[in-house]
Amino acid sequence: MGSGFIYEFNEVTREAYIMTNNHVVERGRDGTITVTLADRMAYTAEVVGLDPNTDVGVIKITLKEGEKVTVAPLGDSSKLEIGEWAIAIGNPFADGLDRTVTLGVISALSRSGMSLGNNSPIYQDFIQTDAAINPGNSGGPLLNIDGEVIGINSAIASTSGGNIGIGFAIPINLAKRVVDDLVAGGRVTRAYIGILPQEITSDIMEAFSLKEVSGVLIAKVEKDSPAEKAGLQVGDVILEVGTEKVSNVARFRIAVATSKIGEQLPIRILRDNKERTIKVVLEAFPEDSVAAASDRNGKTAVATGISVESIDSQIAKRMNVTSDKGVVVSAIEPNSPASRSGLQPGFVILTIDGTEVNSVSEFRDVLASAKDTMDKEGRKFMRLYVIDRNQTPQFVVLRFE
């Protein structure tokens, strides 16, 4: 059970679009999602699109004639300040506590690097609040004092499983960018610049004559990338992306990923103690382009629902994969054996039924061979040995029904 809110309503088709968390509705393509509105009317929902990399999901319902609709107005999370009032609405714990309202303040902004279990989103820019958020609140709105949605309640830090005054919400500006892509095409294609960013430390600040511990140091420029084409160099310090100041690597990644592909994005840098602006034309992430082409070309012969990339690929670097063996999971297809197994993007697959896989081609060959053996033996399952995003090795079973 989780929460959500209607953010858009089409009066002609009577379709109401609901924003929520990916982890609340990700299994909805395997079963049924029931949405109960405030007047206790229940509807069966359809999944519009899911993005585990930000933990944002969109579903929709078709309302009956005469059904009253309240559309939640969306605010601007870029204007938030620590200490502002924050109001959370959701359905904590079990039935009977629906539409609970809690009040607090925004206690921190731009929280990143949070370990939230196997479902930790890759792109993190959380709003932290002490407004009480508990299991079941996930997907509900975090509001400002004017009743505008400024975030999607997503997670808590807790030693007990309940609220201890530290809850996290996805900023609505980040969610809106993701939602637009999900509604348009069911998937998110993110912009790519092609550098390896490094955090600024106090030592680096002094060595590069910076005024503060802020910004991103370019440690590597990928060949034939948008960054190389624009003239960015190793040793440049990125200060701003567009009109946004980037204080750390997490903020930089969010700023690039939420920019438009094909956009000429001004990047303000410090080079040789002089500030200058370089315009970079952003491209789609290479693996996103390949994935989009695969979607158009149909399913693979072995329909496991797993897309993988090599350990040295851009997506592996983006997911901070440190393994020197295996292949990294880049995407999971909904309603597939992989989606039912608990496998997640960012997991590293080491073996399939005991056979090592260390490249994309090996993965395909071993997978096909394992499926043939499975069919001959009359089995309905396949064993994968993996490392999850917490660096914990485990076995995952793909079951073919």
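Rg over Rh for segment 177-278 works out to 1.00, both radii taken from alpha-carbon positions and Rh defined as the Kirkwood radius. As a proxy for reagent exposure, Ile82, Ile261, Ile267 were ordered by neighbouring Cβ count within 10 angstrom, fewest first; the result is Ile82, Ile261, Ile267. Taking a ≥ b ≥ c as the square roots of the eigenvalues of the Cα gyration tensor of segment 77-185, is the shape rounded (a/c under 1.5), prolate (a/b larger than b/c) or oblate? Rounded is the answer for segment 77-185, as its axis ratio a/c remains below 1.5. Farthest towards the positive end of the charge dipole of the chain, among the residues Tyr385, Phe126, Ile145, is the Cα of Tyr385, using unit charges on the Cβ of Lys, Arg, Asp and Glu. For Lys60, the lysines whose Cα comes closer than 19 Å to its Cα, not counting residues fewer than 8 places off in the same chain, are Lys68, Lys176.
Whole-Hz Karplus values for segment 271-279 come out as 9, 6, 6, 10, 7, 8, 10, 10, 9 Hz, taken residue by residue from phi with 6.51 cos²θ - 1.76 cosθ + 1.60 and θ = phi - 60°; glycine and proline positions read x.
The dipole here belongs to the chain: it is taken about the Cα centre, uses +1 on the Cβ of Lys and Arg and -1 on the Cβ of Asp and Glu, and is about 320 debye.
Show me the helices of the chain, taken as full DSSP H stretches, that run 18 Å or more along their long axis by Cα and average 0.0 or above in Kyte-Doolittle hydropathy. All intermediate terms of the calculation are to be shown ahead of the outcome.
Numbers: long enough: 172-185 (19 Å, 0.64); 360-377 (25 Å, -0.64).
Span-like helices here: 172-185.
Coordinate range of the alpha-carbon atoms in the chain per principal axis, descending: 64, 63, 45 Å.
Using the Cβ-Cβ distance between Lys220 and Thr34 with R0 set to 56 Å, the FRET efficiency works out to roughly 0.70. For segment 261-278, no residue has its backbone nitrogen under 17 Å from a point 7 Å from the Cα of Ser247, taken along Cα to Cβ.
Along the charge dipole of the chain, Cβ charges K/R +1 and D/E -1, which of Ile306, Pro197, Ala157 sits furthest on the positive end? Projecting each Cα onto the dipole axis, the largest value belongs to Ile306.
Bear in mind that the values in this text are calculations on the coordinates, not laboratory data. Being a predicted model, the structure only gives us computed values, none of them experimental. Here Cβ is always computed from backbone atoms with ideal geometry, including for glycine, and neighbour counts include all displayed protein chains.
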